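Please treat every number below as a calculation from the coordinates, not as lab data. From a predicted model like this one, the values you see are computed outputs, not experimental measurements. Ideal geometry is used to build each Cβ from the backbone, glycine not excepted, and the neighbour counts take in all protein chains shown.
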Amino acid sequence: MKKTEFPHPVLALREAGAVAVARMRLLAPSGPAVAPQATGRRAPVTKNPSTLRGGIAKGPSTSSVLVVLVGVLCVLGVVMVGSASEGISIATFGSPWSILLREGLWMAVGLLVFAFVSRVDYRRWRRFSVPVLVVAFALLLIVLAPGVGLSAGGASRWVGVGQLRLQPSELMKLALVLFGADLVARRQPRPGNHRRVIGPLAIVAVGAGGLIMLQPDMGTALVMACITMALLFASGISMRPVLKVLGGGAAIAVVVAFAEPYRRQRLFSFLNPSAHASGSGYQVLQSLIGLGSGHLFGLGLGGGWNQFGSLPNAHTDFIYSVIGEELGIVGAVFVLALLVALAWFGLRAAEQAPDRFGAMLGIGLVAWIAAETFINIGAVVGLLPVTGIPLPFVSYGGSSLVITLGAAGMLVSIARASNNATPKSAAASSKPGRAARLVHPAARTPRPVAGSAPRLRARLDGGP
C-alpha cells in the first residue's frame, strides 16, 4: 500500500496565505482609496506622477515654459538684429532702421502665426501632411525654373515678388516633419517590417534633399537629414537599418561636398581658416575675433565693429558672433542656454504627448530647431563649415522666421494637449518609444518574469 505524503504544516500555511493574498488583489474593486484610520502615526503621502510631470502643482506647465522661452528669444532677436544691421542698413537703404523695421514686421506676422497654431489642436494638422508635402515639392520645382526663382548670392532659393518672398525649403522642413510623424504613427514598426517606415521616408527626404541641393543649399539638406534620422531613431525600429541609412547619407554628403569647387574651398578653409584669411576663411576669422573681443560682459549694444561691414552677414548667419561681441560670454551662453532649454522642454512635451503622432511630431520639430542651432553656432565658432543656416528665432529672416515660429506653436499645442490629457487617454496611448525612455527613465516598461503569470493563474484556479 502506497504511503500518503503530507506537506509540512508551516509550508502549507505559508503557501495558502500567499494564494489568498494574490486572490484578494485580483478580486479587489478598482475604486477610490479608503482613508486610513487614525493610528497615531502619520500616513505616508503618495505623490502623483502626472501632477509632478505636468507641472501644475510643482511649477509652471511645459506649454507655459515653451511660450516664455520663445518670447525671450524673439525679443533678443529683434534687439540684436537692430544692433547688427545698422551699418548694412545705412549702406543699402540709407537708414539705420530699415532692416530693423522689416524684422519687426516679419516678427509680428510670425508671432500671430505662433499664437494661432498654438491654440489649434495639433491633430488637425495631420490631415494636411500630404497636401503640404505636395505643395512644398511643387515650390521646390518652381524655384529652379529660369526666370521664376529669385536668386541671391549665387543661389536660387526664393519665390515671390519684391520683399514678399517665400523660401520653399523652409516649408519643406515642416512638410517632412508632418509627413514623417504621420507615417511612423500609422505604420507601427514591428520586427521585419522596417522597410514600410524607412522606405517612404527615405524617398521623400532624398527627393527633397536633391532638389534643395540644386539651388544649391547644403545646410538645409543637412537639417532635413537630421530630422529624418531623429524620426527613424525615435520610431523604435531596429538600429541596424538606421545605421545603414546613416552611413549611406554620410557617403553621399562627402561626395556632394567635394563635387563643387566652392564647397571644397569652404571645407579646406574650415580645417585651417588662417591659411585662407583673405578668402574663404575671412568670415570665420572675423567671427572668432568678434567673439573674443566681447570678453565676459561684452562691449555693449552697438559698441562692436562687426555690424559696420567687417563681418559679412552679421545680422543673419553670424548674429551669434555679434551677440558674443556686444553681450560677452555671458550673453552668448545665455542665448545658447535658452535654445537648449527650448529643445529640452520640447522633448518633454513630445514624451508627454497623448498619442504617437504627437510624440513623433514633437521629436521632429525639436530635431529641426536643434539641428539649426548646432549647425549655426558650430559654423560661427569654427567647429563646422559655413553652410548659411540661420540661428532660430534670433537671426534676421522673413518666411523662415514665420515658419519656425509656426513650428514652435505646434510644440506648444502638443504640450497643452498633454496637460489636458485624461488618465484614460494617457493609458490608451501606445508603448513609449526610444526617445521617451531617454528623456524620462520612468517611461521604461518593466519586463515581467517569464512564466510567473501563468503559474499564478493556475494556482488561483485550483491547479497543482
> Out of every Cα pair in the stretch 60-442, what percent are spaced more than 34 Å from each other?
Replying inline: 27
> Over the Cα atoms of the stretch 334-375, what Rg and Dmax result, in angstrom?
Replying inline: 10.6, 33
> Points 7 angstrom from Cα along the Cβ direction at LEU267 and VAL135: gap in nanometres?
Replying inline: 3.7
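Using only the Cα atoms of the stretch 238-385, construct the convex hull and provide its projected area averaged over every direction, in square nanometres to one decimal.
Details: hull surface 44.2 nm².
Reported value for the Cα convex hull: 11.0 nm².
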>> For the ranges 368-381, 94-107, 170-183, what's the packing order if you count other beta-carbon atoms within 10 Å of each residue, average per peptide, and put the highest first?
In response: 170-183, 368-381, 94-107
>> Can you tell me, using C-alpha contacts under 8 Å and at least 6 residues apart, the relative contact order of the stretch 60-442 as a whole percent?
In response: 27
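Show me the three semi-axes of the equivalent ellipsoid for the stretch 206-276, from the C-alpha gyration tensor (sqrt of 5 times each eigenvalue), largest first, rounded to whole Å. Could the numbers behind the result be given before it?
Details: eigenvalues 144, 40, 21 Å².
Equivalent ellipsoid of the stretch 206-276: 27, 14, 10 Å, largest first.
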> What's the exposure ranking of PHE116, PHE318, PHE233, going from fewest to most Cβ atoms within 10 Å?
Replying inline: PHE116, PHE233, PHE318
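How much length is gained on full extension from LEU150 to VAL381, taking 0.36 nm per residue of separation minus their Cα-Cα distance?
Working: separation 231, 0.36 × 231 = 83.16 nm, distance 3.02 nm.
The LEU150-VAL381 span can extend by a further 80.1 nm.
Sorted by average packing, counted as other Cβ atoms within 10 angstrom per residue and highest first, what order do 67-76, 212-221 take?
Numbers: 67-76: 18.2, 212-221: 21.3.
Ranked from most to least packed, the peptides come out as 212-221, 67-76.
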